[in-house]
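Enquirer: Here's a structure for you.
The values are calculated or read from the model by the stated rules, or taken from the named source; none is laboratory data. The model shown is predicted, which means the values in this text are computed figures rather than measured ones. Cβ coordinates were reconstructed from backbone atoms using ideal geometry, including for glycine residues, and neighbour counts include every protein chain displayed. Only protein heavy atoms, including side chains, enter the accessible area calculation; ligands, DNA and RNA are left aside. Shrake-Rupley method; radii C 1.70, N 1.55, O 1.52, S 1.80 Å.
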Amino acid sequence: METKKQLSPEQRNELFSLLKARFEKNSNRHAGIEWAAVQLKLETDVEKLWSLNEMERTGGEPNVVGFDKTTGEFLFFDCSAESPKGRRSICYDHEALESRKENKPENSAINMAEEIGIEILTEEQYRQLQQHGNFDTKTSSWVKTPEEIRKHGGAIFCDRRYNHVFTYHNGAESYYAARGFRGSLKV
């Protein structure tokens, strides 16, 4: 049975062109990494290529931000200036979504990440991303919340204001038009 998580040849070519142009434009994010090696790796994993396309489709502007020498994997983060537009106005996770009795958002950050096939950024990864530019100066992004906080009904999010990265807390069921989430993908 053929998987739905495949791109047509035209979609693949379009995505490769877009990713290559972004890769070359932002070489400071991945010093010492060659695009040819990234593309070769992507060509062998159709599901991860599909996930990158979903990151792009939802406004994430994915780009390579690192390479793990131990596993041989390239690391992609959402690098859009603001939290991805197609992933905003969502609560933190499925439990939070189900707890809302009225005015439910359409989805949650954790559910969307699973649907796309990516991981939500951790606070540490979010701070790593901020080393590559100024992100979320007008928006905020949910980040992976430690179980100790989540079990009490909370979740954490980050943003950048006053040239500093801040971490805050909120009820996991809350959602705002300017809050989404950023993801990571290892290829």
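Enquirer: Taking amide hydrogens as modeled 1.01 Å from N in the peptide plane, which residues meet the under 5 Å criterion relative to GLY60, leaving out close sequence neighbours?
Expert: Under 5 Å from the amide H of GLY60: no residue qualifies.
Enquirer: Here is a further query. Using a Gaussian network model on the chain with a 10 Å cutoff between Cα atoms, which of ASN134, ASN53, ASN13 fluctuates the most?
Expert: ASN13
Enquirer: Further question: Accessible area, 1.4 Å probe, largest first: how do GLU98, GLU147 sort? The partial results should precede the final answer.
Expert: Values: GLU98 95, GLU147 125 Å².
Of GLU98, GLU147, the descending order of accessible area is GLU147, GLU98.
Enquirer: Then there is this: In deg cm²/dmol, rounded to 500, what helix-only [θ] at 222 nm does the chain give when every DSSP H run of at least 4 residues adds -39500 (n - 2.57) and the total is split over its residues?
Expert: Numbers: 7 runs with 63 residues, N = 187.
The helix-only estimate for the chain comes to -9500 deg cm²/dmol at 222 nm.
Enquirer: Right, another one. Starting from the stretch 119-182, pick out the chymotrypsin sites (Phe, Trp or Tyr not before Pro) whose DSSP state is loop and whose Cβ has at most 12 other Cβ atoms within 10 Å.
Expert: Working: sites: TYR126, PHE135, TRP142, PHE157, TYR162, PHE166, TYR168, TYR175, TYR176, PHE181; in loops: PHE135, TYR162, TYR175, TYR176.
Loop-located and lightly packed - TYR162.
Enquirer: I'd like the accessible area for HIS30: 1.4 Å probe, protein heavy atoms, all chains in place, Å² to the nearest 10.
Expert: 10 Å²
Enquirer: Now, a different point. Output the 0 to 90 degree angle, nearest 10, between the alpha-carbon long axis of helix 46-57 and the longest principal axis computed from the alpha carbons of the chain.
Expert: Rounded to the nearest ten degrees, it is 60.
Enquirer: Subtracting the Cα-Cα distance from 0.36 nm times the residue separation, let me have the gained length for HIS152 to ASN107 in nm, one decimal. Mind dumping the intermediate values first?
Expert: Working: separation 45, 0.36 × 45 = 16.20 nm, distance 2.07 nm.
Gain in length upon complete extension: 14.1 nm.
Enquirer: Accessible area per residue for the stretch 1-44 in Å², computed with a 1.4 Å probe and the full protein assembly in place, what is it? Please list the in-between numbers first.
Expert: Details: 3190 Å² over 44 residues.
Computed with neighbouring chains in place, this is 73 Å² per residue.
Enquirer: Now, a different point. For HIS169 paired with ALA31, estimate the spin-label separation in nm (one decimal), with each label point 7 Å from Cα along the Cα-to-Cβ line.
Expert: The modelled label-to-label distance comes out at 3.8 nm.
Enquirer: What is the set of long-range amide H partners of THR122 at a cut-off below 5 Å, with H atoms built 1.01 Å from backbone N?
Expert: Under 5 Å from the amide H of THR122 lie the amide H atoms of LYS144, each far enough along the sequence or on another chain.
Enquirer: For helix 9-25, what angle does its Cα long axis make with the longest principal axis of the chain, in degrees from 0 to 90 and rounded to 10?
Expert: The angle comes out near 80 degrees.
Enquirer: Additional query: Under a GNM of the chain (C-alpha, springs under 10 Å), which listed residue has the highest mean-square fluctuation: ARG88, ARG127, ARG100?
Expert: ARG100
Enquirer: Convert each backbone phi in the stretch 74-88 into a coupling constant with the Karplus relation 6.51 cos²θ - 1.76 cosθ + 1.60 (shift: θ = phi - 60°), then list the ³J(HN,Hα) values in order as whole Hz, x for Gly and Pro.
Expert: 3J(HN,Hα) across the stretch 74-88, in whole Hz: 8, 10, 9, 10, 5, 10, 5, 4, 10, 3, x, 4, x, 10, 9.
Enquirer: Excluding LEU40 itself, calculate the net charge of residues whose Cβ lies under 15 Å from the Cβ of LEU40, where each Lys or Arg counts +1 and each Asp or Glu counts -1. Show your work: numbers first, answer last.
Expert: Numbers: positive: ARG12, LYS20, LYS41, LYS48; negative: GLU34, GLU43, ASP45, GLU73.
Local net charge: 0.
Enquirer: Let me ask something else. Averaging the inverse of every distinct alpha carbon separation and then flipping it gives the Kirkwood radius. What is it for the stretch 45-187, in angstrom units?
Expert: On the way: mean 1/r = 0.0661 Å⁻¹.
After inverting the pairwise mean of 1/r, the radius is 15.1 Å.
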